[in-house]
Every structure is written in structure tokens, then in C-alpha cells.
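These notes are about the structure you will find just below.
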Amino acid sequence: MLISTDVDARSGLAACQATASDGAGTARRLPGMDARRSVLLLVAIAVVLATGLLAVLPRPPRLALADDRPAATAPSPPRMTPADLYEMFIDPSSAHSFEMPVTLAVEDAGVLVLPSGRLVGSDAFLLDEVPYTLDVPAGLHPVAVLRSDFDDGDRRIAAAMVRFATTDPIRWELALVPGQDPADLGPDEIFGYGVDSGTGAFTSPEAAALVEDEARYTAFSDALLAAFRGKEVTDPLTATVVVDDSTHANVVAFASGFGDGAYPSYAGFDRDGRIVAVLTDFGILDAAKG
């Protein structure tokens, strides 16, 4: 098996679930492996070291963001809808994240290979083999991310999108996995996949199955860790790792907003009822006022 990375993941192509309280949308982890625990430990250690380094390096003052902002004294601003996020992919502009101004930009994240036309959204380091209940085309599909740049130089991924057609969606619905029913959700509940490594991904069941073996998983996670160096603010926020040199099945990974959490994905359909895109919202952009 070939493990290779494309850190910049520049495809040149067109830019292209918060869980229910009963845990129905929590990411299903693969059987426990020491290697996977070790990887998450390494990620945690890297974050601690990076934080310590930032503490001693001079940098301009910044407002608190997401996980590190103080307890709110008022409700958070409403989030963007999937339709709003899609429009930002088409025409990125300025926006706000928890009332802080951000500048938006769209980046190519790579080309996703789907051998059988089944799509998985998952934590990039804890891959899930269960695909969404969506019929998507097999083949090669461009992935793009919506990057939010803060005034202090911080950069975060607000959303990720894989495209299956060039037409525009006119309606959006939650992307679900088997066993999930929107009728079971309360007013403030939503299905999504869980992230514990600060990274999300689009992949296929075939690619996820290939890294179940401990040795293969170690090679995969090492490649992914190398791609997400995380030492500088300008380091890549996306990476592509090929896990099968015969089918080219791969994982297209991206940083997940402000880090760990549970994030919904949405499927967009055009006027003919054809699925044209799947978009994961990392919940950092405020809905437009007025």
C-alpha cells in the first residue's frame, strides 16, 4: 500500500453531523488500537508545546476565540445556514465570527476519490466506515474549504465542501447515516460527526477500511501528522493522504473550525433533485444581521 501526501492539495479544479443529546450522531470509532491512542496523545502534546511556544513569542493582542473565549454573558450570535455558507464559497467576502470581523477565502483542498460512490464524513484520525445515506457519483470530486482570516493573523476553516456537479443547490438537508431520523431531534439538536483531533475529513468506506490494520493506520496517521505541521500560523490547514495505490482511495482532511466538537453536514440538491454538493459546517461564522 502506498501512503503519500499532497499537503498543498492544489487540484486546479473548480472550488467547488452538534450531535443529538442521545449521542446518535457521535463519530463511531474503529476498534481500539494503541496506535490510535498514541496518535491522539501526540496531537495533544503538540498542541501543548505549540501553546507554550506562543506564550513566549511576541504577538499582537487578540480577542478570545471559540474554545478559549470567556463564558458568554449573552447568547452567541446565530450561525450561518448551509445556503449562506454555499454563497460564501461562490463569492467570499467579509463576515463575522462571534462578532469579530473575518475575511473569507476559498482554498482548493484536493480531489476526493470515491471508488463506489459512497461518502463518509469523519474525524480525520478516527475514520468512520459508515457512509452517509446519500447516492453520490463514484469518481473524482473536488473539495474546497472556506477559510476565515482574523485580524490578528489567526486562520480557521469555517466549512468544507465536496462538489458532485456544477449546478447550484436550491435546497439543503442534513446528511445522515443509517439509524438517524431528523424526527428524533429536539429544537436545539442536530446530527453530526464528532471530532477529537481538531481535524475533519471527507473519505470513502473503502479508504477507512484500509487503515483498520494497525501497521497501515500507523503509516496513515504518521503521514497526516507530518502534513499538519502546526508550527506556524501559515502552515497548511488541509492535507490529502492516499491509502491505496491501486484505486487511489484517499482521505481529504482539513482543520475543524476552532477544534474539537460535533459538526453537521448538509447535502445540497438542484432543481432536478440531483445532489450537487455536501458541505460540513464548523460553526464559526455568524449569520448576517438584518
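Quick one: would you say LEU146 is aliphatic (A, V, I, L, M), more than 14 Å from VAL252 (Cα to Cα), assigned to a strand (DSSP E or B) and touching a Phe, Trp or Tyr at 6+ places or on another chain (Cβ under 8 Å)?
On the way: aliphatic (A, V, I, L, M): yes; more than 14 Å from VAL252 (Cα to Cα): yes; assigned to a strand (DSSP E or B): yes; touching a Phe, Trp or Tyr at 6+ places or on another chain (Cβ under 8 Å): yes.
Yes.
Go through region 166-179 and report how many residues are surrounded by fewer than 17 Cβ atoms within 10 Å (Cβ to Cβ) and in a loop (DSSP other than H, G, I, E, B). Don't jump to the end; show me each part of the working.
Quick first cut of region 166-179, residues surrounded by fewer than 17 Cβ atoms within 10 Å (Cβ to Cβ) only: 166-168, 170-171, 173, 178-179.
So of that shortlist, the ones also in a loop (DSSP other than H, G, I, E, B) come out as 166-168, 170, 178-179.
Qualifying residue count for the region: 6.
Against the definition (among the small types (Gly, Ala, Ser), within 15 Å of PRO82 (Cβ to Cβ) and either buried (at least 24 other Cβ atoms within 10 Å of the Cβ) or at pLDDT 95 or above (or both)), how does SER256 come out, yes or no? Reasoning before the result, please.
On the way: among the small types (Gly, Ala, Ser): yes; within 15 Å of PRO82 (Cβ to Cβ): no; either buried (at least 24 other Cβ atoms within 10 Å of the Cβ) or at pLDDT 95 or above (or both): yes.
Considered against the rule, which asks whether it is among the small types (Gly, Ala, Ser), within 15 Å of PRO82 (Cβ to Cβ) and either buried (at least 24 other Cβ atoms within 10 Å of the Cβ) or at pLDDT 95 or above (or both), SER256 comes out as no.
From VAL106, VAL145, which residue is of a type in the set (A, V, I, L, M), surrounded by fewer than 22 Cβ atoms within 10 Å (Cβ to Cβ) and under 16 Å from the mean Cα position of the chain (by Cα)?
None of the other options fit; the residue is VAL106.
Restricting to strands (runs of 3 or more DSSP E) lying wholly in region 204-290: which have 1 or more residues that are within 11 Å of the chain's Cα centre (by Cα) and under 17 Å from LEU134 (Cβ atoms)?
250-255, 261-263, 265-269, 275-281
Would you mention how many residues in region 122-143 are touching an Asp or Glu at 6+ places or on another chain (Cβ under 8 Å) and part of a strand (DSSP E or B)?
The total comes to 4.
Out of region 82-111, which residues are part of a strand (DSSP E or B) and over 14 Å from ILE157 (Cα atoms)? Explain how you work it out, then say what you get.
Pass one, region 82-111, residues part of a strand (DSSP E or B): 94-97, 100-111.
Hits for region 82-111 are SER94, MET100, PRO101, GLY110, VAL111.
The values are calculated or read from the model by the stated rules, or taken from the named source; none is laboratory data. For clarity, every value in this text was computed on a predicted model and none was experimentally measured. Cβ sites come from the backbone with ideal geometry, for glycine too, and all protein chains shown count toward neighbours.
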